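Undergrad: Right, I'll just put the structure down here and ask away after.
The values are calculated or read from the model by the stated rules, or taken from the named source; none is laboratory data. Because the structure is predicted, anything quoted here is derived from the model rather than measured. As a convention, Cβ positions derive from the backbone with ideal geometry for all residues, glycine included, and neighbour counts pool all protein chains shown.
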Amino acid sequence: MITTDRAIAAYLGLAIGDALGATVEFMTPREIAAQYRVHDTLRGGGWLHLKPGQVTDDTTMSLALGNAILAQGRVDALAAAQAFDAWMRAKPVDIGNTVRRNLLRFRRTGDPEAPYSDHDAGNGAAMRVLPVALATFGQAEETVRAACRVQAHVTHHSALSDAACECLALMVQDALRGAGKNHLLHQHAHPLVARHPEFGFRAVRQIGNPSGYIVDTIQAVFQSFFDTDDFRTCLIDVVNRGGDADTTGAIAGMLAGALYGMVEMPAAWLKTLDEDIRRSCETQALALLPAG
């Protein structure tokens with residue numbers, strides 16, 4: 001089944017992009033070129049001193065959210081907040097400032113929805129949206145959008161974050177159905193920019209050293225995704241831009257995996273990816289997709 005294959009590829013793509021990008025997170029393109037020429041190997045290291053194939057919060061938060069969805073049978077704010085809180089208590093290898101702040105607020109208040117703030121327009125909700133895209137596959141567009149906002153608002157309650165999460169989830173779903181890149185560009189990326197011109201990515205210079213700001217992240221991911229023609233080239237292009245490279249890698253990997261499927265997945269990257277993470281991604285991708 002094309003949908004099943006691409007769902008698994010999307011989840012593995014997220015994890016691979018995370019592991020690949022983590023090595024060069026917070027580096028500039030010039031620093032990456034000086035040290036590696038081209039960074040194209042799951043070699044670990046980086047500021048987190050990771051093992052080859054080890055992932056960061058992008059993947060582990062996604063898996064935590066997916067488990068909460070499976071346990072509840074739906075995307076539920078309280079269940080997501082509790083899952084993220086348990087994840088944080090387990091001392092993950094990395095955690096974003098906005099995520100930490102709003103999860104600590106949840107511990108104090110019990111309220112799973114963070115207050116609205118334009119300052120919380122980071123990429124921490126977008127990086128973990130894949131389980132929502134899979135769980136709501138086949139449902140009405142507004143249902144998908146609402147579910148994206150439910151999980152996002154636990155830590156990132158911002159209009160720009162919401163818009164990015166919804167766009168990415170709908171892009172993944174159309175890719176799972178077999179849609180091509182031009183469809184994703186004209187039906188999703190361009191409408192996102194029309195509604196929120198900040199996300200414009202065509203008429204701007206190549207985004208290098210993208211920050212954790214969701215606009216920088218989406219611009220870098222879209223430039224790499226739409227200007228390359230295979231999974232491997234897409235991921236190498238985006239992570240060698242440096243900056244928040246584990247997250248740009250994870251989001252680009254999610255999209256590219258959904259578009260290209262398992263046939264495009266480099267065997268060397270799959271072999272190096274942490275075995276437990278690989279198994280969890282494959283299992284959860286299948287479990288989250290609606291039956292039939």
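Undergrad: Kindly evaluate Ala152 against the criterion of being among the small types (Gly, Ala, Ser) and either surrounded by fewer than 24 Cβ atoms within 10 Å (Cβ to Cβ) or touching a residue at least 40 places away in the same chain (Cβ under 8 Å) (or both).
TA: no
Undergrad: Name the residue, out of Asn123, Asn102, that is modelled with pLDDT of 95 or more, touching a helix residue (DSSP H, G or I) at 6+ places or on another chain (Cβ under 7 Å) and within 23 Å of Ile218 (Cβ to Cβ).
TA: It is Asn123.
Undergrad: Could you please give the count of residues in segment 240-277 that are of a type in the set (D, E, K, R) and within 11 Å of the chain's Cα centre (by Cα)?
TA: Number of matching residues: 1.
Undergrad: Report, ordered by the first and then the second residue, all pairs with beta carbons closer than 6 Å, sequence separation of six or more or different chains, a first member in segment 35-50 that is closer than 12 Å to Leu20 by Cβ, and a second member that is among the small types (Gly, Ala, Ser) and surrounded by 14 or more Cβ atoms within 10 Å (Cβ to Cβ).
TA: From segment 35-50, the pairs are Leu42/Ala19; Leu42/Gly53; Gly46/Ala22; Leu50/Ala22; Leu50/Gly44.
Undergrad: While we're looking at this one, here's another question. Can you tell me which residue is nearest to the chain's Cα centre (by Cα) among those in segment 158-197 that are under 15 Å from Cys148 (Cβ atoms) and of a type in the set (S, T, N, Q)?
TA: Among those residues, the one meeting the criterion is Ser161.
Undergrad: Could you tell me whether any residue of segment 111-119 is in contact (Cβ under 8 Å) with a residue 40 or more places away in the chain and closer than 24 Å to Gly249 by Cα?
TA: No, because not a single residue in segment 111-119 is in contact (Cβ under 8 Å) with a residue 40 or more places away in the chain and closer than 24 Å to Gly249 by Cα.
Residue by residue, here is whether (1) among the hydroxyl-bearing types (Ser, Thr, Tyr); (2) surrounded by 19 or more Cβ atoms within 10 Å (Cβ to Cβ); (3) touching a Pro at 6+ places or on another chain (Cβ under 9 Å) holds:
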position: His190; (1), (2), (3): no, no, no
position: Ser211; (1), (2), (3): yes, no, no
position: Asp230; (1), (2), (3): no, no, no
position: Pro266; (1), (2), (3): no, no, no
position: Leu270; (1), (2), (3): no, no, no
position: Ile277; (1), (2), (3): no, yes, no
position: Ala287; (1), (2), (3): no, no, no
position: Pro290; (1), (2), (3): no, no, no
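Undergrad: Looking at Ala83, Ala15, Ala68, which one is under 20 Å from Ile251 (Cβ atoms), crowded, with 18+ Cβ neighbours inside 10 Å and among the hydrophobic types (A, V, I, L, M, F, W, C)?
TA: Matching residue, one of Ala83, Ala15, Ala68: Ala15.
Undergrad: If I filter segment 18-49 down to residues being among the charged types (D, E, K, R) and surrounded by 15 or more Cβ atoms within 10 Å (Cβ to Cβ), which single residue comes out as farthest from Ala252 (Cα to Cα)?
TA: That would be Arg43.
Undergrad: Among the residues of segment 208-258, which ones are free of Cβ contacts under 8 Å to residues at least 40 places away in the same chain and either of a type in the set (Gly, Ala, Ser) or not in a helix (DSSP H, G or I) (or both)?
TA: Pro210, Ser211, Ala220, Ser224, Asp227, Thr228, Asp229, Asp230
Undergrad: Specify the residue that is surrounded by the fewest Cβ atoms within 10 Å (Cβ to Cβ); the eligible residues are those in segment 52-65 that are part of a loop (DSSP other than H, G, I, E, B) and not polar (S, T, N, Q).
TA: Residue satisfying both the conditions and the ranking: Pro52.
Listed here are the residues, each with its yes/no results for (1) of a type in the set (Phe, Trp, Tyr); (2) out of contact with any Pro (no Cβ under 7 Å at 6 or more places or on another chain); (3) more than 26 Å from Val215 (Cβ to Cβ).
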{"residue": "Arg30", "(1), (2), (3)": "no, yes, no"}
{"residue": "Val55", "(1), (2), (3)": "no, yes, no"}
{"residue": "Ile69", "(1), (2), (3)": "no, no, yes"}
{"residue": "Asp76", "(1), (2), (3)": "no, yes, yes"}
{"residue": "Ala83", "(1), (2), (3)": "no, yes, yes"}
{"residue": "Asp94", "(1), (2), (3)": "no, yes, no"}
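Undergrad: Say whether the condition of being touching a residue at least 24 places away in the same chain (Cβ under 8 Å), among the charged types (D, E, K, R), closer than 17 Å to Asp120 by Cβ and in a helix (DSSP H, G or I) is met by at least one residue in segment 182-198.
TA: Among the residues of segment 182-198, at least one is touching a residue at least 24 places away in the same chain (Cβ under 8 Å), among the charged types (D, E, K, R), closer than 17 Å to Asp120 by Cβ and in a helix (DSSP H, G or I), which makes the answer yes.
Undergrad: Is one or more of the residues making up segment 90-100 of a type in the set (Lys, Arg), exposed (fewer than 13 other Cβ atoms within 10 Å of the Cβ) and either in contact (Cβ under 8 Å) with a residue 40 or more places away in the chain or assigned to a helix (DSSP H, G or I) (or both)?
TA: no
Undergrad: Could you tell me how many of the residues in segment 28-45 are closer than 30 Å to Arg279 by Cα and either assigned to a loop (DSSP other than H, G, I, E, B) or in contact with a Cys (Cβ under 9 Å, 6 or more places away or on another chain) (or both)?
TA: Going through segment 28-45 one residue at a time, the tally reaches 7.
Undergrad: For segment 141-172, what are the residues that are in a helix (DSSP H, G or I) and among the small types (Gly, Ala, Ser)?
TA: Selection gives Ala146, Ala147, Ala152, Ala159, Ser161, Ala163, Ala164, Ala169.
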